[in-house]
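Below is one structure, written out as structure tokens; the observations come after it.
Here, each number is a calculation from the coordinates, and none is a lab measurement. Note that this is a predicted model, so its numbers are computed, not measured. Cβ placement follows ideal geometry from the backbone for every residue including glycine, while neighbour counts extend to all protein chains displayed.
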Amino acid sequence: MKILVTGGAGYIGSEITKLLLKAGHEVVVLDNLSHGFVENVPKGAELIVGDMRDRKKAKQALAGVNCVIHMAGLIVVPESVKDPIKYCDNNVLRTVSFLVAMNDAGCKKIIFSSSACVYGTSDKLPIKEDAPLRPDNPYGATKASTEAFLQAFHACFGFDVTILRYFNPYGPGRMHEPITHAIPNFIKAALAQKPLPLYWKGEQIRDFIYIEDLAQAHIDVLNLSGFNIFNLGSETGIKIKDVVDLIFEILGYRVPIADLGERKGDVHANYAASDRLKKAVGWQPKVDLREGLRRTIDYYKSQPKS
Ligand SMILES: NC(=O)c1ccc[n+]([C@@H]2O[C@H](COP(=O)([O-])OP(=O)(O)OC[C@H]3O[C@@H](n4cnc5c(N)ncnc54)[C@H](O)[C@@H]3O)[C@@H](O)[C@H]2O)c1
């Protein structure tokens, strides 16, 4: 298949591109490099530098493409709380513009990187796909809005749509600075023997999914048609403070904790029920948290100190 990965110069998009190439697909990456890196794009993929709103670039990127894996977006929750318009413009309006370009090009198959943020604070755990969408922050609202547009493009134009709602991806790979994800920040602080930054005293519960397992799901759903929504998580909720303890255990030493208090827009607890995805395509996460953390620590040890 010829596949276009938007945002393929980013952290997760580049991992998906790597797996797609390995599986023998032809891959084009469209990325405006606002937060991605040319060096992230695996050899063998064609990189087109451009914004998803740029109709000329979109047309060029979509030539002969059978399926789009749509990863491009802004991802920082606190920034979205400060500037919702920026997030709505980039993640929703530019995506809709890109969907119109897809329709014009006759490419009507899309896999979309959504987020557990669409659920906000859920009444029931684990969260199932039919839980109500009540985003707690503008970033989550952009994902819920995009999902609604995808539903509309399925209904009006016959798009085949698969929505993957990621829980908390982690693992090796280059992210843009400043890094806002918890695990890399914990590891970087611990490796530098600095206080480890912790919100909510680490009482929040999250579901961490290893990047390779997450990326593999995009390959597994490639042949689906119609309109599908799947959670993508490990199905294990763990307190952040227990993740911190696991990191200390793997490292063999502890560093002090820097208590950062509470933070707007954060959800207290979420973890996924992912059995719908498992049943549909046989996807299974392979890397457990201890092994994934070990690999992530090795990755950050191998990086030049920033
Ligand atoms: N990382 C997570 O924890 C997480 C969780 C849930 C969902 N997601 C979703 O997965 C996707 C990828 O996330 P990531 O962690 O790899 O982020 P990332 O910032 O590393 O990658 C996003 C890429 O999109 C590009 N981009 C942004 N706006 C663009 C635009 N208008 N036109 C073209 N390119 C544009 C950036 O340059 C970047 O390379 C995002 O849509 C994100 O919302 C990520």
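Quick notes on this structure:
- Beta bridges per DSSP, both residues in the chain: antiparallel share near 5 percent.
- GluC sites (Glu not before Pro) restricted to region 166-271 and DSSP loop, no more than 13 other C-beta within 10 Å: GLU203, GLU262
- Region 204-266: chymotrypsin sites (Phe, Trp or Tyr not before Pro) in DSSP coil with no more than 11 other Cβ atoms inside 10 Å: TYR253
- Helix-only arithmetic for the chain: the sum of -39500 (n - 2.57) across DSSP H runs with n ≥ 4, divided by the residue total, places the mean residue ellipticity at 222 nm at -11000 deg cm²/dmol.
- Cα centroid separation - region 127-159 against region 239-281, whole Å: 25 Å
- Global dimensions of the chain from alpha-carbon coordinates: Rg and Dmax equal 18.7, 57 Å.
- Qualifying trypsin sites (Lys or Arg not before Pro) in region 213-295, where qualification requires a DSSP coil assignment and no more than 16 other C-beta atoms within 10 Å, comprise ARG254, ARG263, LYS264, LYS286.
- Spatially, region 179-193 and region 98-116 are offset by 34 Å when compared through their Cα centroids.
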